[in-house]
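The values are calculated or read from the model by the stated rules, or taken from the named source; none is laboratory data. This structure is a prediction, so every number in the text was calculated from the model and none was measured. All Cβ positions, glycine included, derive from the backbone under ideal geometry; neighbour counts span all protein chains shown.
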Amino acid sequence: MDWGPLSDAAIAVRDNAYAPFSGFKVGAAVRTRAGLIFSGCNIENRSFGATICAERFAVGSAISAGETGIEGVVVVTDTTPPSPPCGLCLQVLAEFGDADLPILLLNLQGERLESRLGDFLPHPFQFPSPT
Ligand code: THU
């Protein structure tokens, strides 16, 4: 996995995060199976439940552009160690990526933690197929 362009996109979009309530800025970028990159930042709202996470924004951008699957994810935060996606975002990633989907967590100090979706969410919710 060439993480360079995906990391650059996630770092750049983090600057656009709208996080006046938590002060916690997040940038995310996904590479689609077609090789395109989509990014997103967290956008908070004073009605807190209306807040959208960076990862779900990035996935939504990809899917709404007509992409069908995700093959790599970078998440950038300013924590030590770098923060993983929340449970909601993991479930959304599981909708469009496999358990072996590579996820790179970065912080602004250059720390890198590379793992896979299945490490964070070994048992995603599965909707039973209609019979
Ligand atoms: N946040 C994300 O952007 N991604 C996550 O996976 C977890 C949390 C954002 C939402 C909110 O704006 C801030 O981080 C604090 O929860």
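Structure notes:
- Residue tally, condition crowded, with 23+ Cβ neighbours inside 10 Å and in contact with a Phe, Trp or Tyr (Cβ under 6 Å, 6 or more places away or on another chain), over region 21-43: 2
- Residue list for region 87-96, restricted to those being more than 13 Å from the ligand (Cβ to nearest atom) and either within 19 Å of Val13 (Cβ to Cβ) or of a type in the set (Phe, Trp, Tyr) (or both): Phe96
- From the options Leu108, Leu121, residue that is surrounded by 14 or more Cβ atoms within 10 Å (Cβ to Cβ), touching a strand residue (DSSP E or B) at 6+ places or on another chain (Cβ under 9 Å) and either modelled with pLDDT under 95 or not β-branched (Val, Ile, Thr) (or both): Leu108
- Summed over region 54-86, the residues that are in contact (Cβ under 8 Å) with a residue 12 or more places away in the chain, over 22 Å from Tyr18 (Cβ atoms) and either within 10 Å of the ligand (Cβ to nearest atom) or not charged (D, E, K, R) (or both) give a count of 6.
- Of all the criteria given as (1) closer than 20 Å to Pro84 by Cβ; (2) in contact with a Leu (Cβ under 8 Å, 6 or more places away or on another chain), the one not satisfied by Ile37 is (1).
- Restricting attention to region 11-49, the residues that are more than 13 Å from the chain's Cα centre (by Cα), within 13 Å of the ligand (Cβ to nearest atom), hydrophobic (A, V, I, L, M, F, W, C) and in a loop (DSSP other than H, G, I, E, B) total 4.
- Matching residues in region 50-65 - criterion: being under 23 Å from Leu101 (Cβ atoms) and either in a loop (DSSP other than H, G, I, E, B) or of a type in the set (D, E, K, R) (or both): Cys53, Glu55, Arg56, Ala65
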